[in-house]
1. Springs between alpha-carbon atoms under 10 Å, Gaussian network over the chain: tell me which of E67, E153, E119 tops the mean-square fluctuations.
2. Using unit Cβ charges (K, R positive; D, E negative) and no other charged atoms, how large, in debye to the nearest 20, is the dipole of the chain about its Cα centre?
3. Roughly how tilted is helix 223-257, in degrees to the nearest 10 and between 0 and 90, from the longest Cα axis of the chain?
4. Go through the stretch 114-128 residue by residue and turn each phi into a ³J(HN,Hα) via Karplus (6.51, -1.76, 1.60, θ = phi - 60°); whole Hz please, and just put x for glycine and proline.
5. Cα gyration tensor of the stretch 127-255, axes a ≥ b ≥ c as square roots of the eigenvalues: rounded (a/c below 1.5), prolate (a/b > b/c) or oblate?
6. What does the C-alpha gyration tensor say about the overall shape of the stretch 57-192? Classify as rounded when a/c is under 1.5, otherwise prolate if a/b is larger than b/c, or oblate.
7. Taking amide H positions as placed in the peptide plane 1.01 Å from N, state which residues far from T168 in sequence (5 or more) or on other chains have amide H under 5 Å from it.
8. Cut-off under 12 Å on the C-alpha distance; same-chain residues fewer than 8 positions from K231 excluded. Which aspartates and glutamates are left, in chain and number order?
Amino acid sequence: PDLQKAVGAKAVDRCDDPDLQKAVDKPEDWVVQKKLRNCDFLRQYFPNNPPLCGVRITTVMTKTGPEILESWIRVGAEGAMADCPFSAGGCEFAIHSETGVVWQGSDEKHMKLGDSSLEPSLVVSNGASRPIGSVKIPNWEKSLEMCKRAHREMAPQAFTIGWDVAHTPDGPQMVEANLISNVGCFMGLRYGSMSRVWPRIPLMWLDLVQWMENKSDHPQPPKKAKVAGLKGAIRESEWLLRWAKKEAAKLERSVGKGTAEDPETACLKLKRARVQLELRRGECEGLEKELVALREYLGETVKQQQKKTLSREPSGVPTA
């Protein structure tokens, strides 16, 4: 088959394939990998003749080591060479990072031609007959540990890494690593939904701040400015939390009524209200988690300042 547009991938079935020789002659331009196939369990939720459908697991380096930031599965279209979804008619589905259970997903049609404010909404892959939503990815815990270990041992200086994992008949196999990895926006995910599906998301920017501490190529802010910045961030998050709670209360009342003169309009309004309500609830959960971490970090920063101040003070021993 020809190279899939915008992917640059080809399955080679013969040793005398001229493209294979080209790849061998120019190793700086191509990567030759063993052909992998999807495990039988997941194939039942894919379309016929699917490509290798990878699971992206993103790890983030925290002060205590790598943790799981995001996770999703790409389900390529029937007959596609690769699973790159929006360029080839496939889908992406968010996975609950702590449990490995598939949540919901989206595709190019829904994101560009539909109401993107309602995304992600898909639970069935394009061309598939069985819903992948609510299905647990096999060997999930093993996959997470494999990715965290790879981050810790192969690239401990990297902040985030997106690992592409293939779930094969022989178990999870590492395919590649990506230093830039964040496609939640392509599925329509927003802070409220990400906070629930990927619980580490609310702490990501604080993880980044702590990761950059003591980096030789990053100027460190004055301690007073750091404390002032943390206090400002806490005030802003507190304000956002109050706003989210207020909006959630309004939406709860709106969903509770759920009536209008036009049944079709009422149905769409109710659907939008329910989506917004879940987003506000997720925002509340995420902001509460963020505030706990911010206050803890502020307390640690203030204590460090006090220790340094005491260490610089004179002993007070009188001189003769």
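1. E153
2. I would put it at about 1440 debye.
3. 50 degrees
4. With the stated coefficients, the stretch 114-128 comes to x, 8, 5, 5, 9, 8, x, 10, 7, 10, 10, 5, 4, x, 8 Hz.
5. The shape class here is oblate.
6. prolate
7. Placed amide hydrogens put C39, Q173 under 5 Å from T168.
8. Cross-link targets: E296.
The values are calculated or read from the model by the stated rules, or taken from the named source; none is laboratory data. On a predicted model such as this, the values are computed, not experimentally measured, just so you know. In this analysis, Cβ positions are derived from the backbone assuming ideal geometry, glycine residues included, and neighbour counts consider all displayed protein chains. Note: accessible area is taken over every heavy atom of the protein model, side chains too, but ligands, DNA and RNA are not part of it. Shrake-Rupley method; radii C 1.70, N 1.55, O 1.52, S 1.80 Å.
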